[in-house]
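Down below is the structure, laid out as structure tokens.
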């Protein structure tokens with residue numbers, strides 16, 4: 001059976017604008033405004049205030065998504081497994097590769113850990129928004145993206161555990177030790193050479 005579906009480009013572009021472009025623009029405007037008015041301390045206070053709100057919003061979104069897709073998830077375990085296995089392989093492979101490459105090049109652990117997570121992320125949250133906008137809550141595309149979130153969240157938490165528990169091994173790497181011995185240290189804002197300070 002040949003099923004062809006035309007992609008509604010207007011809806012796709014609107015989704016990208018609403019879920020990616022507009023939030024990035026708003027975030028940059030707010031950040032610049034806060035930095036101009038109160039500097040980094042004001043920005044850190046704002047982030048500390050927003051952190052529980054963003055976590056609550058993420059949890060509410062996950063509960064709603066699983067509520068809409070729960071019946072399909074339970075009714076199709078083989079489909080869920082077929083979606084989950086490649087996601088597991090991809091997340092662990094990409095995060096492991098990023099972590100090892102950072103170690104081989106001598107990056108500090110505080111850079112390598114987020115790099116491993118970012119490299120492994122699939123941005124399923126954006127995929128969910130686009131899939132629901134384009135195909136609806138009960139579509140196969142929405143199911144696939146919801147399963148992605150369902151799998152990715154615990155897997156990413158396991159990557160955090162692995163990265164944190166291997167810090168000693170990571171920092172014993174020859175390239176990391178050479179970089180530390182050369183007088184370079186990595187801070188939250190960039191690389192500072194100890195000789196310049």
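Given contacts defined as C-alpha pairs under 8 Å and at least six residues apart, what's the relative contact order of the chain, whole-number percent?
On the way: 151 pairs, mean separation 47.4, N = 197.
That works out to 24 percent.
Once you have the Cα-Cα distance between residue 92 and residue 178, take 0.36 nm times their residue separation minus that, and quote the gain in nm to one decimal.
On the way: separation 86, 0.36 × 86 = 30.96 nm, distance 2.75 nm.
Taking 0.36 nm per residue and subtracting the Cα distance, the gain is 28.2 nm.
Quick one: length gained pulling residue 76 to residue 138 fully straight, 0.36 nm per residue minus the C-alpha distance?
21.0 nm
How would 92, 99 line up from fewest to most surrounding beta-carbon atoms within 10 angstrom? Please list the in-between numbers first.
On the way: 92 15, 99 24.
Fewest-to-most ranking of 92, 99: 92, 99.
Over the stretch 126-167, what lengths in whole Å, largest first, do the semi-axes of the equivalent ellipsoid take, defined as the square roots of 5 times the eigenvalues of the alpha-carbon gyration tensor?
Details: eigenvalues 180, 14, 4 Å².
So the three semi-axes of the stretch 126-167 are 30, 8, 5 Å.
Run the quick spin-label model on residue 169 and residue 20: label points 7 Å from Cα toward the beta carbon, then report their separation in nm to one decimal.
Reported label-point gap for residue 169 and residue 20 is 3.5 nm.
So, in nm, how far is label residue 40 from label residue 126 when the simple model puts each one 7 Å beyond its Cα toward the Cβ?
Here the answer is 2.8 nm between the modelled labels.
For the chain, what does -39500 (n - 2.57) per DSSP helix run (n ≥ 4), summed and divided by total residues, give at 222 nm, in deg cm²/dmol to the nearest 500? Before the final figure, lay out each step's value.
On the way: 8 runs with 154 residues, N = 197.
Value at 222 nm, helices only, nearest 500: -27000 deg cm²/dmol.
With the crude spin-label approximation of a point 7 Å out along Cα→Cβ, what separation in nm comes out for residue 57 versus residue 6?
Computed distance between label sites residue 57 and residue 6 equals 3.5 nm.
Based on the Kirkwood radius over alpha-carbon pairs, what value in µm²/s does the Stokes-Einstein equation return for the translational diffusion coefficient of the chain at 4 °C and 1.567 mPa s? Walk me through the numbers on the way to the answer.
Numbers: Rh = 19.9 Å.
In µm²/s, the coefficient is 65.
Where does the stretch 15-55 land on the Kirkwood hydrodynamic radius, alpha-carbon pairs, in angstrom?
Numbers: mean 1/r = 0.0904 Å⁻¹.
Kirkwood radius, the stretch 15-55: 11.1 Å.
Every number here is computed from the coordinates shown, using simple stated rules; none is lab data. As the structure is a computational prediction, the values presented were derived from the model and not from experiment. For neighbour counting, all protein chains shown are included, and Cβ atoms are generated from backbone atoms with ideal geometry for every residue, glycine included.
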